[in-house]
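Below: one structure, written as structure tokens.
Just so it is clear, none of the values below were taken in a lab; they were calculated from the coordinates. Just so it is clear, the model here is predicted, and its values are computed rather than measured. Here Cβ is always computed from backbone atoms with ideal geometry, including for glycine, and neighbour counts include all displayed protein chains.
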Amino acid sequence: MPSFARQTGQNCVACHAGGQFPELTPYGRLFKLTGYTIGQRALPLAAMAVLTSNKVKVNDPTQGKTQDGSPIFNTASLFIAGKITDKVGGFVQITYNNYDSQDSETGNWSGHTGSDNLDLRYADHLINDKQDLIYGLTLHNNPGVQDVWNSTPAWGYGVVPGNTGVGGAITPMLGGGFATIQDGTLGQQVAGIGAYAYWNKTLYAELTGYRTGDGVFSFMTQGNGGQINIKGTNPYARLALTKEWGPHNVMAGLSYLDVRPYTNPASHSGPTDHYRDNGIDFQYQYLLDPYTVTATVTRIHENIDYGTPGDLPDTVNSLRAKTSFIYQAKYGASLSYFDVSNSSRNSSSTLPNAAQTGTRGWTPEIFWTPVQYVRLGMQYTMFNRVNGLSSNTDGSGRNAKDDNSLFFYVWGAY
């Protein structure tokens with residue numbers, strides 16, 4: 001974010017691995033853990049915009065420009081981000097999505113502005129000859145957005161449910177609509193208050209409670225509310241072990257999320273579904289100019305008990321991995337893998353493989369950053385499986401590879 005660069009007096013490469021967001025360096029993680037307070041107060045405003053072009057191998061004509069390769073203005077965001085006091089800081093993102101919803105009759109798209117990621121923090125740093133302790137509080141609206149590694153779905157990479165290719169390469173609904181509840185379902189819908197501590201650059205621990213983002217918290221979900229309501233306070237726990245030596249750093253982590261959304265989003269009473277996510281993740285980085293390497297692997301296993309009588313329990317398994325290589329903080333390439341499947345025991349779908357659905361594939365990408373506030377990239381997403389099948393994925397003869405897509409983007413910030 002340019003406002004953070006002005007505040008710290010640092011180039012983007014200081015906080016981001018090879019200068020490429022969202023991957024953070026150890027210094028970038030320190031900046032976030034200490035509440036975005038390093039440096040001097042500066043103008044806390046920044047903006048970004050994204051132009052894209054998305055070409056699907058066999059496109060759906062009803063999607064219009066979002067799949068036919070035409071260049072489109074995709075999204076734009078305004079950020080209010082930076083240091084407030086020596087111990088308080090954060091960022092607030094407000095986003096305009098130019099292709100937010102589509103009229104079912106005319107096929108025309110309409111734009112929408114709403115609250116995006118938000119993370120406000122209080123933090124302190126105690127350091128002496130015997131210990132190095134960072135502790136703090138975070139108020140945020142997207143489970144995982146508070147994390148400082150790039151392995152949670154909020155900052156992760158790959159397929160997200162319901163994305164028809166506007167915000168990235170075309171991504172069919174994971175398993176006919178199934179993904180873990182962390183894969184965007186709760187984003188900008190909830191309010192989370194958490195406490196965390198990071199001891200001797202070795203052990204990170206966090207405990208957060210999530211509730212529906214309404215009432216006094218409605219500013220965190222403005223423009224996005226009403227799609228999901230959760231019962232009471234829902235816990236999230238995170239542990240991570242880290243190690244730094246020379247140009248290397250590694251992390252191994254565990255996470256647990258327990259959420260009870262109401263079966264009727266408009267209701268604050270009645271039956272609830274019960275989601276329990278157990279995650280394990282790893283990250284490795286090599287940072288030594290002019291080379292940067294980052295690799296992450298994340299696996300989430302989810303158990304679902306439904307509140308509707310007669311519905312059988314479900315499970316969802318999500319595996320994502322990504323490796324990126326950057327040279328001179330300008331030229332880069334990455335390769336990601338995604339595999340999401342679920343039991344779908346209650347599916348009434350007529351798809352041939354509805355009893356075991358999922359999406360699997362690869363995304364290679366190349367990108368170029370001519371200056372630190374402009375990035376150009378191209379991705380090609382290859383699907384091996386859609387709806388649990390490699391062929392006849394929709395029951396009408398469409399194959400998984402028909403969803404393959406070439407995606408080009410230009411990102412700029414100021």
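Points worth noting:
- For segment 188-229: rounded, prolate or oblate by the Cα gyration tensor [a/c cutoff 1.5]: prolate
- For the chain, the residue among MET220, TYR414, SER267 whose Cα projects farthest onto the positive side of the dipole built from Cβ charges is TYR414.
- Annotation for GLN222 and ASN303: the two label points, set 7 Å from Cα along the Cα-Cβ direction, are 4.1 nm apart.
- Mean Cα-pair separation over length for segment 2-413, i.e. relative contact order, pairs under 8 Å, 6 or more apart, %: 14 percent
- Average silhouette area of the chain, convex hull of alpha-carbon atoms, in square nanometres: 19.4 nm²
- Alpha-carbon centroid distance for the pair segment 262-301 / segment 75-147, whole angstrom: 16 Å
- Pairs of lysine residues in the chain that meet both criteria, 8 or more places apart or on different chains and Cα atoms under 12 Å apart, total 5.
- Simple point charges give the picture: +1 on the Cβ of Lys and Arg, -1 on the Cβ of Asp and Glu, and for the chain a dipole about the Cα centre of about 740 debye.
- Given R0 = 35 Å, the distance between the Cβ atoms of MET378 and HIS112 translates into a calculated FRET efficiency of 0.80.
- Here ALA47 and THR233 are evaluated by their C-beta separation; at R0 = 25 Å the FRET efficiency comes out at 0.10.
- Cα→Cβ-extended label distance, 7 Å offset, between LEU78 and LYS243, nm: 4.7 nm
- Where the Cα pairs of segment 221-329 fall when distances are cut into 5 Å bins, in %: 2, 10, 14, 15, 14, 12, 10, 9, 7, 4, 2, 0
- The modelled label-to-label distance between LYS57 and LYS130, using points 7 Å beyond Cα along the C-beta direction, is 6.3 nm.
- With R₀ set to 22 Å, the beta-carbon distance separating ARG276 from LEU312 gives a calculated FRET efficiency near 0.90.
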